[in-house]
Amino acid sequence: MAVVGGGVTGLAAAWELQGTGADVSVLESGRRAGGVIVTERRDGFVVEGGPDGFLAAEPDIQVLARELGIGDRLVDPLARGSLLWNGKELAPLAEGQAAALLGIEGQTGVDVSQGFRSFRGGMGDVVEALLARLGSAVRTGMGVTAIAPSRRGYRLSLAGGSVVEAEGVVLALPAWAAARLVAALGVVAARCLEDVLYYPSVTVSLAYERNGLTGKLSGTGFVSAGESGTPVRACTYASFKYPGRAPGGYALLRAFVAPLDGDPASVAHAELAKILGVTGAPLWSRAFHWTRGVPRYKPQHAQHVARMRELLSLLPPLEIAGAGVDGAGVSACVKSGRAAARRVLERMAGTNRSRQQAGD
Ligand SMILES: Cc1cc2nc3c(=O)[nH]c(=O)nc-3n(C[C@H](O)[C@H](O)[C@H](O)COP(=O)(O)OP(=O)(O)OC[C@H]3O[C@@H](n4cnc5c(N)ncnc54)[C@H](O)[C@@H]3O)c2cc1C
């Protein structure tokens, strides 16, 4: 079995497959697995480059964490509620509205009012636990360039020229990458995935001495209204939001900045000084540039994906999963990856039964 893409979706799919005793390889093009989950730990700070939590009402990542033996690393926020920066003042915002404004929507029907949760060592905890359990099944530097049906399933061509054979495949790729591979299989409907827009952004973490934050920070952060005129789309008060994000006497803030000319850290600091009354200079900053950040779907996305899945069901077992198809939230990705893995297994069992009946 092959899982293409080693973000949280692909790793969750591989975990599901490994649990059934299947022989699985995760083929990840990058030098590291985890996809957009990037946690760096330095000098007692926990710096998130991508997601910093997940919707508390979504059970899937929490169930996974318990299976992986890291249930005791789940943490609740220290504060609740976000504010809206309208260019003049910070006004209260309903719980869950901040996530929706940032495009991190939950699965349909999920109660966003319960806010977010995270892990003691950051979101990297869950990736590290998955990698520890999946071991050599995760193969980095293995970008898949093409997929073609073969006698026993699929032949996957890798950058560099080698080939991997697999009876079943889970594609856990960003939408644009999945679109290309699936359309080449003759499923033209996969082109609809090119309509999924990934908005660029920069996340800038800034470390301060605690007493340099003279303004009152209430809640977990703020989101900026479109008309507010600031390039800071949102700010998370990281060390006030979750425990253990900064050592005693220090604070960590994280700004989401629109792509801009110049140094995003200087811009972020200058804006936060204005909005929050930060007086001290940052001790250091760390920026992550997301040319393709959180995906947003167009209307009809769910119908297009359903149609694509219908067409894929006519081919040898291959399933699509992940933020590009089933929801951008991390927990939704875990759910999507595991469900795709189960569907591939069911379809493989069906294919094997047919082969036995045909005496193949
Ligand atoms: C800045 C930011 C902040 C976010 N904040 C939150 C948050 O607070 N809460 C929340 O719930 N969600 C958040 N999200 C969304 C969430 O993190 C993502 O939607 C989710 O992690 C995506 O997981 P994925 O595995 O589907 O995709 P990815 O993480 O994109 O993984 C896909 C993987 O496929 C690999 N790949 C690509 N092409 C190939 C190929 N041809 N062959 C092999 N491998 C390939 C990539 O290298 C990558 O590792 C955030 C996202 C971003 C970017």
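The values are calculated or read from the model by the stated rules, or taken from the named source; none is laboratory data. What you see is a predicted model, and the numbers here were worked out from it, not measured in a lab. Note that each Cβ is placed from the backbone with ideal geometry, even for glycine, and that neighbours are counted across all protein chains shown. To get the accessible areas, we keep the full protein, side chains included, count just its heavy atoms, and leave off ligands, DNA and RNA. Shrake-Rupley method; radii C 1.70, N 1.55, O 1.52, S 1.80 Å.
Annotations
- The lone exception for residue 277 - which of (1) more than 16 Å from the ligand (Cβ to nearest atom); (2) farther than 20 Å from residue 254 by Cβ it fails: (2)
- Any hit, the stretch 317-324, residues being of a type in the set (D, E, K, R), assigned by TED's automatic domain parsing to the domain that holds residue 23 and within 30 Å of residue 65 (Cβ to Cβ): yes
- Of all residues in the stretch 43-61, none satisfies being more than 8 Å from the ligand (Cβ to nearest atom), outside any loop (DSSP other than H, G, I, E, B) and surrounded by fewer than 19 Cβ atoms within 10 Å (Cβ to Cβ).
- One residue stands out among those in the stretch 87-141 that are more than 14 Å from the ligand (Cβ to nearest atom) and at pLDDT below 75: the one that is most open to solvent (accessible area, probe 1.4 Å), which is 108.
- Against the numbered list (1) open to solvent by 50 Å² or more (accessible area, probe 1.4 Å); (2) among the hydroxyl-bearing types (Ser, Thr, Tyr); (3) more than 16 Å from the ligand (Cβ to nearest atom), residue 218 comes up short only at (1).
- Residue within the stretch 331-339 that is of a type outside the set (Phe, Trp, Tyr) and surrounded by fewer than 20 Cβ atoms within 10 Å (Cβ to Cβ) present: yes
- Considering (1) more than 14 Å from the ligand (Cβ to nearest atom); (2) part of a loop (DSSP other than H, G, I, E, B); (3) among the hydrophobic types (A, V, I, L, M, F, W, C), the lone condition that residue 189 does not fulfil carries the number (2).
- Of all residues in the stretch 161-170, at least one satisfies being more than 9 Å from the ligand (Cβ to nearest atom), under 18 Å from the mean Cα position of the chain (by Cα) and open to solvent by less than 30 Å² (accessible area, probe 1.4 Å).
- Residue within the stretch 125-139 that is in contact (Cβ under 8 Å) with a residue 24 or more places away in the chain and part of a loop (DSSP other than H, G, I, E, B) present: no
- Checklist (1) away from the ligand (no atom under 13 Å from the Cβ); (2) surrounded by fewer than 16 Cβ atoms within 10 Å (Cβ to Cβ); (3) without any contact (Cβ under 8 Å) to a residue 24 or more places away in the chain applied to residue 148, failing item: (3)
- Residue 270 vs. criteria open to solvent by 20 Å² or more (accessible area, probe 1.4 Å), over 23 Å from the mean Cα position of the chain (by Cα) and more than 17 Å from residue 81 (Cα to Cα): yes
- Boolean, residue 205 is touching a residue at least 60 places away in the same chain (Cβ under 8 Å), farther than 21 Å from residue 296 by Cβ, crowded, with 16+ Cβ neighbours inside 10 Å and within 13 Å of the ligand (Cβ to nearest atom): yes
- Leading residue by the ranking (farthest from residue 242 (Cα to Cα)) among those in the stretch 180-202 that are of a type in the set (Gly, Ala, Ser) and surrounded by fewer than 24 Cβ atoms within 10 Å (Cβ to Cβ): 186
- Figure legend. Inter-residue proximity from the stretch 22-42: first residues closer than 18 Å to residue 1 by Cα, second residues within 7 Å of the ligand (Cβ to nearest atom) and part of a strand (DSSP E or B), beta-carbon distance below 6 Å, spacing 6+ or different chains. Indicated pairs: 27/4; 27/144.
- The lone criterion from (1) open to solvent by less than 20 Å² (accessible area, probe 1.4 Å); (2) part of a helix (DSSP H, G or I) left unmet by residue 240 is number (1).
One line per residue, one yes/no per condition, for (1) more than 9 Å from the ligand (Cβ to nearest atom); (2) within 19 Å of residue 168 (Cα to Cα); (3) touching a Cys at 6+ places or on another chain (Cβ under 9 Å):
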{"site": "2", "(1), (2), (3)": "yes, yes, no"}
{"site": "7", "(1), (2), (3)": "no, yes, yes"}
{"site": "18", "(1), (2), (3)": "yes, yes, no"}
{"site": "23", "(1), (2), (3)": "yes, yes, no"}
{"site": "28", "(1), (2), (3)": "no, yes, no"}
{"site": "33", "(1), (2), (3)": "no, no, no"}
{"site": "37", "(1), (2), (3)": "no, no, no"}
{"site": "40", "(1), (2), (3)": "yes, no, no"}
